[in-house]
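The values are calculated or read from the model by the stated rules, or taken from the named source; none is laboratory data. Note that the coordinates shown come from a computational prediction; the quantities given were computed from them, not determined experimentally. Cβ placement follows ideal geometry from the backbone for every residue including glycine, while neighbour counts extend to all protein chains displayed. Quick note on the areas: whole protein, heavy atoms, side chains included, nothing else; ligands and nucleic acids left out. Shrake-Rupley method; radii C 1.70, N 1.55, O 1.52, S 1.80 Å.
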Amino acid sequence: MTEKTRSSRFGSILCLVAALYFFGVVAYALVNSAEFANGTARLIRYILAPGAIGLALALCAAFLSNEARLTVGLSAVSLLAALFAFEAYLTIKIIPGRLGLVGFVGDEVSVEEYKENLPPGRTMKHVNDALDTQLLESAYLAPMPGDKMLLCSVLGEPVTYTPDRLGFRNPPSVYENDVSVMLLGDSFSEGFCLREGEHLAAKLRQGMPDLLNTGHRGIGPLYQLAILGRYGPEFQPDLTLFSFFAGNDWRNLERELEKPWLSAALDPAVDFGPIEHPDQSELTAPVISGWWAETTLSWGDYLRAQRVFRNFLALQKTAEILGIHYPKATDENPVFADVLIRAKQITSQWDGEIVIVYVPTVSRYMGLVAQPFIHDPLRVLVKDAAAQAGLDVIDLTDVIEMQEDPASYYAPDSHFNEAGAELAARAITEGLRQRNLIEQ
């Protein structure tokens, strides 16, 4: 084989290797077309653009001269190698901050005192799934009361709290007076990876001292409705804050509808169950101890939970910096309006008010290219559903966007940091005062 022939084949191979990568992007998007080929922007980003690049590289492999073929192939593979090297740098850079999601702690730190409650990464939905819960009235909606919980870790140091007598993150004094405000929500409301006094509920209490926080990780709209139906009539708050996180609550709703015990919350005749289950700790203990036996609080847990390898192949972090990583598409879901209407019906039993709080994702504020067009459709769907239910929305999107560095209000794990919780609390409090729902 002549050197010219070898050079020609090498150039063709390089072009085709690069082309196969882009065709792989297209194939993955087509297999998951509901999420990545839905709408013009995603169609261009995940189908047409990589498909055109892959086709161009394949044509170069077939029709260019030997020298040009080699030049194009070397350039394409070198560019991909540089992008993957940059992606590896970004992935390694964020891992220390993200390890807290699985509660990574040093060898010298004992976690024995936390093993009576949920391990990091597990939710009350997981508990009810493991117990094969069928009826809402028998479901356990809050973590184990009084048993200290490992929420996450920061650089190997545990962040913990002790759930109150009902299993939520509140000071014991919250039950000494009438509850005036109830906060519903997921890990943003719970105050994920923030210590006492740093999280959203603690900041809100500066203006609303009688606030009951019922937030917990993994909760979606239907679960929030179940909590409102169970605990709302007991405390009859003047005001209920119904949080919606743009990152996963729409998808959470879809999954929650598949659980009969949760979808039952939409039934006006459903029994929401008692606010306390005396047998909770006893019946959930085998499930929780089994999870702790499987949990290593290690790098391995993180790598499995975060799909690091898949995201690496997708160059996700690099795309985020460029502003071309788009969230999965969201279709209309009329059930969300039904959830809000049902929530309003529940609070009307004691003449209570309810307000929606819209929490945007950090990805909205990342990237060299502004991308509100890819995030706003969900925002519009939420506001339309609230309008159908006759409810106001306090939208945190613009408040955060007005800051000099919006992304700096989020922690490495993509939840609010203390500054973000402070900013959100101020915006919510001001929004409620403007609506005359709390005292000036």
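Summary table below
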read-out	value
Unmet criterion (only one of (1) within 23 Å of GLY167 (Cα to Cα); (2) free of Cβ contacts under 8 Å to residues at least 60 places away in the same chain; (3) touching a helix residue (DSSP H, G or I) at 6+ places or on another chain (Cβ under 7 Å)) for TRP261	(2)
Residue in segment 169-177 that is in contact with a Gly (Cβ under 7 Å, 6 or more places away or on another chain) and either surrounded by fewer than 21 Cβ atoms within 10 Å (Cβ to Cβ) or in a strand (DSSP E or B) (or both) present	no
Single residue of PRO163, PRO145 found to be part of a loop (DSSP other than H, G, I, E, B) and surrounded by fewer than 18 Cβ atoms within 10 Å (Cβ to Cβ)	PRO145
Per-region count, segment 321-340, residues open to solvent by less than 60 Å² (accessible area, probe 1.4 Å) and at pLDDT 95 or above	5
Search result, residues across segment 195-220 that are at negative phi, out of contact with any strand residue (DSSP E or B) (no Cβ under 7 Å at 6 or more places or on another chain) and of a type outside the set (D, E, K, R)	HIS199, ALA202, GLN206, GLY207, PRO209, HIS216, ILE219, GLY220
Candidate set: segment 107-117, residues that are open to solvent by 50 Å² or more (accessible area, probe 1.4 Å) and either outside any helix (DSSP H, G or I) or polar (S, T, N, Q) (or both); chosen: the one modelled with the lowest pLDDT	ASP107
Helices (runs of 4 or more DSSP H) enclosed by segment 331-440 - at least 3 residues per element that are more than 23 Å from the chain's Cα centre (by Cα)	335-347, 372-389, 418-434
Some residue of segment 111-128 being among the small types (Gly, Ala, Ser) and over 19 Å from the mean Cα position of the chain (by Cα)	no
So ASP351, is it among the acidic types (Asp, Glu), open to solvent by 70 Å² or more (accessible area, probe 1.4 Å) and in contact (Cβ under 8 Å) with a residue 12 or more places away in the chain	no
Residue satisfying all of: in segment 189-212; part of a helix (DSSP H, G or I) and out of contact with any His (no Cβ under 6 Å at 6 or more places or on another chain); surrounded by the most Cβ atoms within 10 Å (Cβ to Cβ) among these	LEU200
Selection from segment 80-101 of residues that are of a type outside the set (A, V, I, L, M), under 30 Å from GLY191 (Cα atoms) and either out of contact with any helix residue (DSSP H, G or I) (no Cβ under 7 Å at 6 or more places or on another chain) or outside any helix (DSSP H, G or I) (or both)	TYR89, LYS93, PRO96, GLY97, GLY100
Any pair with Cβ under 6 angstrom, 6 or more apart, that starts in segment 373-386 at a residue that is under 20 Å from ILE324 (Cβ atoms) and open to solvent by 20 Å² or more (accessible area, probe 1.4 Å) and ends at one that is at pLDDT below 95 and of a type in the set (Val, Ile, Thr)	none
Condition broken by TYR89, with the remaining ones in (1) among the aromatic types (Phe, Trp, Tyr); (2) touching a Phe, Trp or Tyr at 6+ places or on another chain (Cβ under 9 Å); (3) open to solvent by 80 Å² or more (accessible area, probe 1.4 Å) satisfied	(2)
Residues satisfying the stated conditions in segment 394-426, i.e. at pLDDT 95 or above, surrounded by 19 or more Cβ atoms within 10 Å (Cβ to Cβ) and hydrophobic (A, V, I, L, M, F, W, C)	ILE394, LEU396, VAL399, ILE400, PHE416, ALA421, LEU423, ALA424, ALA425
Any hit, segment 284-295, residues being more than 22 Å from LEU131 (Cα to Cα), β-branched (Val, Ile, Thr), surrounded by 17 or more Cβ atoms within 10 Å (Cβ to Cβ) and in contact (Cβ under 8 Å) with a residue 40 or more places away in the chain	no
Which numbered condition PHE104 misses (of (1) part of a helix (DSSP H, G or I); (2) crowded, with 20+ Cβ neighbours inside 10 Å)	(1)
Residue pairs meeting the criteria (Cβ under 9 Å; at least 6 apart or on separate chains; first among the β-branched types (Val, Ile, Thr), in segment 85-100; second in a helix (DSSP H, G or I) and open to solvent by less than 20 Å² (accessible area, probe 1.4 Å))	ILE95/TYR302
Considering residues of segment 296-320 that are over 16 Å from the mean Cα position of the chain (by Cα), at pLDDT below 85 and aromatic (Phe, Trp, Tyr) only, the residue farthest from SER33 (Cα to Cα)	TRP299
Evaluation of HIS277 against (1) surrounded by fewer than 17 Cβ atoms within 10 Å (Cβ to Cβ); (2) modelled with pLDDT under 95 (one fails), failing number	(1)
Residue match in segment 243-252 (condition: more than 20 Å from the chain's Cα centre (by Cα) and either free of Cβ contacts under 8 Å to residues at least 60 places away in the same chain or surrounded by 13 or more Cβ atoms within 10 Å (Cβ to Cβ) (or both))	no
